[in-house]
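The numbers here are math on the coordinates, done by the rules we state, and not lab data. Given the structure is predicted, the values throughout are model-derived calculations rather than measurements. Here the Cβ positions follow ideal geometry from the backbone for every residue, glycine too, while neighbour counts run over all protein chains shown.
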Amino acid sequence: MNFKSIFLIVFLTCFVGCKEDVLPKPKAMLRLEYPEMASKKLEMDCVYEFEHSKQAQLERKEDCALTLDYPEMKGSIFISYKNVEGNLSKLMSDAQKFSYEHVGKADNILEQPFANDTDKVYGMYYEVKGNAASQSQFYLTDSISHFVTGSLYFNTKPNYDSILPAAVYLQKDIRHIMETMRWKN
């Protein structure tokens, strides 16, 4: 090899090797923004009433059951009603078991008791973190006659990071439903 060849090899090695380190760019996340929560009263001939987001489309079922659909977020809150007929402990146990069926896929399940002594509405809210099928469940009762359960599902494969903004938005609606629940006697 001659001097020019060696010089060219050394020069190219230094030139190519002295660049800044190449770092992978973080994946960009889509910023999802939802409208401010505006609520309206449930208009249904049933033994309970509450306020829910105006974004929800109400689908009535039998026996005071209903679905609140949020097409923009591809999610739904399913609400069902049962009469308490001396079976309150079984209803509460079933609701708790249902919430903990997601423990296999969930990273964590947070329990938050709920009590509104003025209107005699008591219950539990479950927030599920992780890639579980449902992100939230709740139950409400007056401990005598009424028992309502609810759960949040998305019409997509569970991917916690992707559905988190919509889950947080709908969890606020669930809390508002719980806070505004009233029994009609």
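In terms of the mean number of neighbouring beta-carbon atoms within 10 Å, the peptides 38-44, 179-185 order highest first as 179-185, 38-44.
Rounded, prolate or oblate: which fits the stretch 42-183, taking a ≥ b ≥ c as square roots of the Cα gyration tensor eigenvalues, rounded meaning a/c under 1.5, else prolate when a/b beats b/c? Cα axes put the stretch 42-183 in the oblate bin. Net charge of the neighbourhood of residue 147, taken over other residues with C-beta under 14 Å away and scored Lys/Arg +1, Asp/Glu -1, is -1. Just name one of 176, 65, 115: the one whose Cα is farthest towards the positive end of the charge dipole of the stretch 48-185 (beta-carbon charges, Lys/Arg +1, Asp/Glu -1). Working it through, the farthest residue towards the positive pole turns out to be 65.
Expressed in nm to one decimal, what extension gain is obtained for the pair residue 176 and residue 60 from 0.36 nm per residue of sequence separation less their Cα-Cα distance? Each step should come with its number before you reach the end.
On the way: separation 116, 0.36 × 116 = 41.76 nm, distance 1.95 nm.
Stretched out fully, the residue 176 to residue 60 stretch lengthens by 39.8 nm.
Highest-first packing order for the peptide set 45-51, 136-142, 86-92 is 136-142, 45-51, 86-92, based on the mean count of other beta carbon atoms within 10 Å. Per-residue extension of 0.36 nm, minus the Cα-Cα distance of residue 143 and residue 40, leaves a gain of 34.5 nm for this segment. For the pair residue 109 and residue 168, a Förster radius of 22 Å applied to the C-beta separation gives a FRET efficiency near 0.85, rounded to the nearest 0.05. Counting neighbouring Cβ atoms within 10 Å and putting the fewest first, the residues 9, 174 line up as 9, 174.
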